[in-house]
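> Let me begin by handing over the structure; questions about it come next.
The values are calculated or read from the model by the stated rules, or taken from the named source; none is laboratory data. What you are looking at is a predicted structure, and each value in this text was computed from that prediction instead of being measured. Backbone-built Cβ (ideal geometry, glycine too); neighbour counts: all protein chains shown. Only protein heavy atoms, including side chains, enter the accessible area calculation; ligands, DNA and RNA are left aside. Shrake-Rupley method; radii C 1.70, N 1.55, O 1.52, S 1.80 Å.
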Amino acid sequence: MPTAAPWGVTWGFLAKISMAAPQGPVCNIRMLIVHRYAPGIKKSGAVPCTVEHFGRRGTPVKKMRLIPAEKAFAFARRFQGLPGVTVSVC
């Protein structure tokens, strides 16, 4: 049995407090957005681009869709090496 400290708190309880806890909420669903720039144009915030939202099957859809996080990050890895493309997983 753990011994009590002078102020009445047990040492076993203190060990539980000092354990690491998750820093933020974990979200299992994400949205995948791909920004496409015209060929030969350097990417920046002021340059116009087309925005595509992707769905569960990896095809473009009209509105933002929530998809499982594993699929969103897998699709992002597939798109990230293309020239003129920026990928966002939200």
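> Six or more apart or on different chains, Cβ atoms under 8 Å: show the pairs whose first residue is in segment 54-81 and more than 16 Å from ASN28 (Cβ to Cβ) and whose second is in a strand (DSSP E or B) and open to solvent by 70 Å² or more (accessible area, probe 1.4 Å).
PHE54/PRO60
> Can you pull out the residues in segment 31-53 that are among the hydroxyl-bearing types (Ser, Thr, Tyr) and either free of Cβ contacts under 8 Å to residues at least 40 places away in the same chain or exposed (fewer than 15 other Cβ atoms within 10 Å of the Cβ) (or both)?
If we filter segment 31-53 for residues that are among the hydroxyl-bearing types (Ser, Thr, Tyr), which is where we start, we get 37, 44, 50.
Passing the criteria: SER44, THR50.
> I'm told GLN23 meets every condition in (1) at pLDDT 75 or above; (2) surrounded by fewer than 10 Cβ atoms within 10 Å (Cβ to Cβ) except one. Can you identify the failing condition by its number?
(1)
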